[in-house]
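**Q** Pasting in a structure now, in structure tokens, and then I'll have a few things to ask.
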Amino acid sequence: MLTSNIKESTMNKLSASLVAAGIMLSGMHAIADDMPKEHMNKEQMMKECMSRMAAKKDGSTKDQMQAMCEAEMKKGMEMGKEHHTPPSP
């Protein structure tokens, strides 16, 4: 009888731990989806930009889309630097 209670208690703890781990993983996944683009690397940003450009279907060539994306990324980086510069005293 005592071993059955111990086994049941262990299974309850294990089940609760697995449920908690699942909740934490799904929360981490949701947070990762909401990450700002600042944390994306250059390759990821380029892929996303190229996908957006291709979806427009404006007749641009791949080279033209790549040039537009590089300009967009450069502009974003410059704006980010301006945004992060500390105010002068």
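**Q** Looking for something at pLDDT 85 or above and either in a helix (DSSP H, G or I) or in contact with a helix residue (DSSP H, G or I) (Cβ under 6 Å, 6 or more places away or on another chain) (or both) - is there at least one such residue anywhere in the stretch 31-43?
**A** Pass one, the stretch 31-43, residues at pLDDT 85 or above: 43.
Filter again for either in a helix (DSSP H, G or I) or in contact with a helix residue (DSSP H, G or I) (Cβ under 6 Å, 6 or more places away or on another chain) (or both), leaving 43.
Checked the stretch 31-43: at least one residue is at pLDDT 85 or above and either in a helix (DSSP H, G or I) or in contact with a helix residue (DSSP H, G or I) (Cβ under 6 Å, 6 or more places away or on another chain) (or both).
**Q** Okay, moving on. Pairs please, first residue from the stretch 58-81 and farther than 12 Å from residue 47 by Cα, second anywhere and assigned to a helix (DSSP H, G or I) and not small (Gly, Ala, Ser), Cβ atoms under 7 Å, 6+ apart in sequence or on different chains.
**A** That search, which allows pairs on different chains as well, returns 60/53; 68/53; 72/49; 80/38.
The values are calculated or read from the model by the stated rules, or taken from the named source; none is laboratory data. Keep in mind that what you see is a predicted model, and the values were worked out from it rather than measured. Glycine also receives a Cβ, built like all others from the backbone with ideal geometry; neighbour counts cover every protein chain displayed.
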